[in-house]
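Here the structure comes first, spelled out in structure tokens, and everything after it is commentary.
Any read-out appearing in this document is the output of simple, stated calculations on the displayed coordinates, not a laboratory observation. Just so we're clear, the structure is a prediction, and the values are computed from it rather than from any experiment. Counting neighbours? That spans all protein chains shown, and the Cβs are built from the backbone with ideal geometry, glycine included.
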Amino acid sequence: MNKVYSDARAALADVVRDGQTIAVGGFGLCGIPEQLILALRETGARDLTAVSNNAGVDGWGLGLLLETRQIRKMISSYVGENKEFERQFLAGELELEFTPQGTLAERMRAGGAGIPGFYTKTGVGTVVADGKEHKDFDGETYILERGIRADVALVKAWKGDRAGNLVYRKTARNFNPMAATCGRVTVAEVEELVEIGQLDPDEVDTPGIFVQRVVHNPAPEKRIEQRTTRPG
């Protein structure tokens, strides 16, 4: 039952390969598995498809993997905080599958639940619907969206035990629960590591059955994406 690895590099050593689809939790820089992203960069794996709300910022988060050209394709909903993301996309160097935010969350949730696809009204009549099956229900048009099943999922939690049960903290929950379920191999980075039995079952957000590996990072950097101040 002990799923804890000595560090992020060891946890990814034998599961990450070229050409994989990697789901990554987080929203902006909130709730990102920063040590796992650094370890992913160190593996040198290339031609990756990254499934994440966004690609961090220049110089941090998934932005680090854009700099090293390890990401071939992004499936995401937002690109606004990363100039290198914008540059690569506009230059035709990066493939991008824009997905509405709620649809992206549901695609990951569906993949984790074994649901291959679902219909939604979101995106009908826009470029999001191009090339997708359309179907009418009760006089309304819907488009078919495919569930996402990732080869590897990297998530960040506040607390976790050695069996992989996870608790997220406030807004850092964001995309992490969905990402955790959709990975064939899910690796969780936790700030507080506790023994099995110390977590109240009612507090557990992601059951350990979805998590194969755990890494303890007691001192995350938690960089601020945008700092706004006013005179005192």
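Within the chain, count lysine pairs with alpha carbon atoms under 15 angstrom apart where the residues are 8 or more positions apart or belong to different chains. Each step should come with its number before you reach the end.
Values: LYS3/LYS159; LYS121/LYS132; LYS121/LYS135; LYS156/LYS170; LYS156/LYS222; LYS159/LYS170; LYS170/LYS222.
Pairs that pass both the separation and distance tests number 7.
If you take every DSSP beta bridge whose two residues both sit in region 143-227, what share of them, in percent to the nearest 5, is antiparallel? Can you show the working numbers first?
Details: 3 of 17 bridges.
Counting only bridges with both partners in region 143-227, antiparallel ones make up about 20 percent.
Rg and Dmax of region 115-191 over Cα atoms: what are they, in angstrom?
Just the Cα atoms of region 115-191 yield Rg and Dmax of 16.9, 50 Å.
Quick one: among PRO100, PRO218, PRO33, which has the greatest mean-square fluctuation in a GNM of the chain with alpha-carbon springs under 10 angstrom?
PRO218
Among the GluC sites (Glu not before Pro) in region 70-119, which ones are in a DSSP loop with at most 15 other Cβ atoms within 10 Å of the Cβ? Mind listing them? Let's see the in-between values first.
Numbers: sites: GLU81, GLU84, GLU86, GLU93, GLU95, GLU97, GLU106; in loops: GLU81, GLU93.
Here the GluC sites (Glu not before Pro) that fit, given the DSSP loop and packing criteria, are GLU93.
Any chance you could tell me what percent of the C-alpha pair distances in region 52-106 go past 15 Å? Walk me through the numbers before you get to the answer.
Values: 572 of 1485 pairs.
I get 39 percent for the Cα pairs in region 52-106 exceeding 15 Å.
So what is the diffusion coefficient of region 140-232 in µm² per second by Stokes-Einstein at 20 °C and 1.002 mPa s, using a Kirkwood Rh over Cα pairs? Could the numbers behind the result be given before it?
On the way: Rh = 14.7 Å.
For the chosen part, D equals 146 µm²/s.
What fraction of the DSSP beta bridges in the chain is antiparallel, stated in percent and rounded to the nearest 5?
Numbers: 13 of 43 bridges.
Just about 30 percent of them are antiparallel.
Could you give the alpha-carbon Rg of the chain over 2.2 N^0.38 Å, rounded to two decimals? Present the calculation step by step, with values, prior to reporting the outcome.
On the way: Rg = 17.9 Å, N = 232, 2.2 N^0.38 = 17.4 Å.
Dividing the Cα Rg of the chain by 2.2 N^0.38 Å gives 1.03.
If each Cα of region 30-144 is one equal point scatterer, what is log10 of I(q)/I(0) from the Debye formula at q = 0.12 Å⁻¹?
-0.49
Long-range amide H contacts for ARG223: which residues qualify at under 5 Å (H placed 1.01 Å from N, peptide plane, sequence gap of 5 or more or a different chain)?
none
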